[in-house]
Amino acid sequence: MADHPDVLDGPNTLIHLHSLHNISYFLRDKRVTYTAIVRDPIERFCSDIAHLHNALLNFSEVAREDFLARMPWNTELKALMIDDSASLDNLLEMAAKESFFRFFYYHFFTRSYARNPFQ
C-alpha cells in the first residue's frame with residue numbers, strides 16, 4: 001500500500017487483507033466502507049490446519065524446529081504436522097484433541113504462542 005498509493009485513489013478499490021496491522025493511516029483521506037466476513041468455524045479450522053501443515057513443510061529446518069519448540073502440542077501431532085504423507089483427516093483429528101486449538105484464534109491474535117500460550 002505504501003509503494004502504490006495510487007491504487008487507493010480508484011473509484012472502487014477492494015482490499016482483501018489478512019493482517020494484524022492497522023492500515024487505517026493509509027486510508028485517512030478516503031471514503032471507506034469496512035466489511036468483515038466471518039467464516040464457518042469448522043471450515044476455518046480445517047483450512048488453518050491444512051495451511052499450517054503446508055507452511056511447516058516449506059519452512060527451513062531451523063525455522064521448523066524453532067516454531068515447533070514453541071508449540072505446546074504433543075509429540076505425535078508435531079511429527080504429523082511435518083510428515084508430508086500425513087492425511088488431512090489425520091491432521092484434523094489429532095489437532096482437534098489439542099487444547100491449544102480450542103483457543104487458537106486467541107493465541108493467534110495475541111501472539112501468545114510466542115510466549116507461554118496458557119498464561
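The values are calculated or read from the model by the stated rules, or taken from the named source; none is laboratory data. What you see is a predicted model; the values in this text were computed from it and never measured. Glycine gets a Cβ as well: all are built from the backbone with ideal geometry, and neighbour counts include every protein chain shown. Only protein heavy atoms, including side chains, enter the accessible area calculation; ligands, DNA and RNA are left aside. Shrake-Rupley method; radii C 1.70, N 1.55, O 1.52, S 1.80 Å.
In the complete set of protein chains, residue-level accessible area for VAL62 is approximately 110 Å², probe 1.4 angstrom. For region 1-104, carbon and sulfur atoms together expose 53% of the accessible surface, with a 1.4 angstrom probe and every protein chain in place.
Annotation: LEU88 carries an accessible surface of approximately 80 Å², with a 1.4 Å probe and no ligand, DNA or RNA atoms counted. Simple spin-label estimate for LEU57 and ALA79 gives 1.9 nm between the two label positions (7 Å along the Cα-to-Cβ direction from each Cα).
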